[in-house]
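Below: the structure, in structure tokens.
The values are calculated or read from the model by the stated rules, or taken from the named source; none is laboratory data. Since we're looking at a predicted model, the values are computed, not measured. Side chains are part of the model used for accessible areas, which takes the heavy atoms of the whole protein and leaves out ligands, DNA and RNA. Shrake-Rupley method; radii C 1.70, N 1.55, O 1.52, S 1.80 Å.
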Amino acid sequence: MFSCRRLGGGLVQAGDSLKVSCAASGRTVSSWVMGWFRQTPGKERDFVAAISGSGGRTYYANSVKGRFTISRDNAKNMVYLQMNSLKPEDTGLYYCNLRQYGIDYWGEGTLVTVSS
């Protein structure tokens, strides 16, 4: 019903900035929370950031607070993650997420690699 797809990613150095984005398809997304998670090999998928349906409220993991900014464009069914002051520990597969009726729908991972 809902899905997200990878639009961008990349390889950067520590201290650089990068913006990733994801487009949801199927239905309108304005009523639902969207977010970003990341995963490294051998570990579970961890929460990074989330944004309310209207865009008026945001949430961040402590590890990225002050460096990352989540935003959305409901007219385009898009969600974005602006990442600043990147660190090697930010490396991983970044997944966009849509939560509808208590069910999570996932995009495929966008690889972000931060070298020291």
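Determine, for the chain, the count of lysine pairs separated by eight or more sequence positions (or lying on different chains) whose alpha-carbon distance falls under 20 Å.
Details: Lys19/Lys65; Lys19/Lys76; Lys19/Lys87; Lys43/Lys87; Lys65/Lys87.
The number of close lysine pairs in the chain is 5.
In the context of the full set of protein chains, the chain has a per residue accessible area of 53 Å² (1.4 Å probe).
Summarise the long-distance tail of P(r) for the stretch 62-109 by giving the % of C-alpha pairs beyond 16 Å. The answer is 53 percent, as a whole percent.
Our summary gives the stretch 75-116 a relative contact order of 41 percent, counting only alpha carbon pairs under 8 angstrom and 6 or more residues apart.
Can you check how the C-alpha radius of gyration of the chain compares to 2.2 N^0.38 Å, as a plain ratio? Could the numbers behind the result be given before it?
On the way: Rg = 13.3 Å, N = 116, 2.2 N^0.38 = 13.4 Å.
Working it through for the chain, the quotient is 1.00.
Considering only Ala14, Ala23, Ala75, the Gaussian network model of the chain with Cα springs below 10 Å gives its largest mean-square fluctuation to Ala75. Estimated at 0.36 nm per residue, the fully extended path between Ser52 and Ser30 surpasses their Cα-Cα distance by 7.1 nm.
The Cα atoms of the stretch 14-53 cover 35, 26, 18 Å along the three principal axes, with the biggest extent listed first.
Nonpolar atom fraction for the chain, defined as the carbon and sulfur part of the 1.4 Å probe accessible area, stands at 48 percent.
Structure remark: mean-square fluctuation, Gaussian network model of the chain, C-alpha springs under 10 Å; the largest value among Gly92, Gly102, Gly15 belongs to Gly102.
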